[in-house]
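Reading through the structure tokens given below for one structure.
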Amino acid sequence: MRVRTVGVDLAADPARTAVAWIDWSSDGARVVRVETHAEDDLIVEAVLGADKAGIDCPLGWPDAFVDFVTAHRTGHVRPGTSGRAWRRDLTLRVTDKVTHELTGLTPLSVSADRIAHPAMRCAALQAELALRGHAVDRTGAGTVVEVYPAASLYRWGLAHRGYKRAANRTELARLAGELQAAAPWLDLAAFTPLCSSSDDAFDAVIAALTARAAHLGKTTQAPPEHRKAASTEGWIPLPTTPLHTLHP
């Protein structure tokens, strides 16, 4: 039985957005398509055609931040509220804190960093998917799951820093080679050169691999005490088994 996973490396603009499709069968795993400069329509159609889709972008904002902005709009922020711990709750979601505890990596803040721009686009994509009858469960229980490629690479024992942007193309090519050595069953086919030269394309493939792990139940899940926050803020599933366990 064929299973298709999709990975989306989402940026605010299509120019830096990539989508990857991986087909899984008893014969192995094959990257069947990779698109850069991906527009919204392409992303939506890719997700609708997937058994599981990983999107590299926050699916929501910290609940405390939303409450703070709502209170500020109506003039009901409590005077004297400040401090590092207070700001941390405004800038980091529960899943961001858990990811840091488990990996030492801290995802960009969706309320205080430039990742907010892709998140705005992601919110619109979620609305379009809901309109098509595929509402996104931000805990990852549905078709869509939030992913963090750097954390996935870390959990799989691969290099996870210093491969982005044009200045680091040599490192990206080396990392693409590491991936192929660690997962010889993954056929990158004609997309090896693209994944070795575009970190957007490479991250989209990692997002699709993480989606596979989530589809198999081989990622962390939001525990009961965090499920309410995960349902609004989003949840980053981290791989819990080695890369080779994704092999069909």
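The values are calculated or read from the model by the stated rules, or taken from the named source; none is laboratory data. All values reported here derive from a predicted model rather than from experimental measurement. Ideal geometry is used to build each Cβ from the backbone, glycine not excepted, and the neighbour counts take in all protein chains shown. To get the accessible areas, we keep the full protein, side chains included, count just its heavy atoms, and leave off ligands, DNA and RNA. Shrake-Rupley method; radii C 1.70, N 1.55, O 1.52, S 1.80 Å.
With bins 5 Å wide beginning at 0, the percent of Cα pairs of the range 150-248 falling in each bin runs 2, 13, 22, 22, 17, 11, 7, 5, 1.
Calculated mean residue ellipticity, 222 nm, the chain: -12500 deg cm²/dmol, from DSSP H runs (n ≥ 4) at -39500 (n - 2.57) each, averaged per residue and rounded to 500. Principal-axis analysis of the Cα atoms of the chain puts helix 169-182 at an angle of about 70° to the longest axis. Note on D27 and R84: the model spin-label points, each 7 Å out from Cα along the C-beta direction, lie 5.6 nm apart.
The stretch between E171 and A116, if pulled fully straight at 0.36 nm per residue, gains 17.1 nm over its current Cα-Cα span.
Explain nothing, just the number: dipole magnitude of the range 1-95 about its Cα centre with +1 on each Lys and Arg Cβ and -1 on each Asp and Glu Cβ, in debye rounded to the nearest 20. Walk me through the intermediate numbers first.
On the way: 12 positive and 14 negative charges, 123 e Å.
Approximately 600 debye in magnitude.
Relative to one another, the C-alpha centroids of the range 29-43 and the range 90-161 are positioned 19 Å apart.
Can you compute the charge dipole magnitude of the range 100-248 about its Cα centre, using +1 on each Lys and Arg Cβ and -1 on each Asp and Glu Cβ, nothing else charged? Give it in debye, rounded to the nearest 20. Write down the numbers at each step before the final one.
On the way: 14 positive and 13 negative charges, 8 e Å.
My answer is approximately 40 debye.
Simple rule: put +1 on each Lys or Arg Cβ and -1 on each Asp or Glu Cβ in the range 18-75, find the dipole, and look at F68, T36, A18; the Cα lying farthest toward the positive end is F68.
Given a 1.4 angstrom probe, I'd like the percentage of the accessible area of the chain that is carbon and sulfur, rounded to a whole number.
Values: 6220 of 11700 Å².
The nonpolar share, carbon plus sulfur, comes to 53 percent.
With respect to the chain, whose longest principal axis is taken over its alpha-carbon atoms, helix 94-103 is tilted by about 50°. Close amide H partners of R33, meaning residues 5 or more places away or on another chain with modelled amide H under 5 Å apart, are W21.
If you count only protein heavy atoms with a 1.4 Å probe, what accessible area per residue comes out for the range 113-241, rounded to a whole Å²?
Numbers: 5620 Å² over 129 residues.
Per residue, the range 113-241 has an accessible area of 44 Å².
Farthest towards the positive end of the charge dipole of the range 109-230, among the residues F202, Q221, L129, is the Cα of Q221, using unit charges on the Cβ of Lys, Arg, Asp and Glu.
Using the Cα centre of the range 161-244 as origin and beta-carbon charges of +1 (Lys, Arg) and -1 (Asp, Glu), tell me which of P193, A230, Q180 is placed farthest towards the positive end of the dipole. With unit charges placed on the Cβ atoms, the residue in question is A230.
The DSSP beta bridges internal to the chain are antiparallel in roughly 60% of cases. Between D67 and E39, the modelled label-to-label distance comes to 4.2 nm, taking each label 7 Å out from Cα in the direction of the beta carbon.
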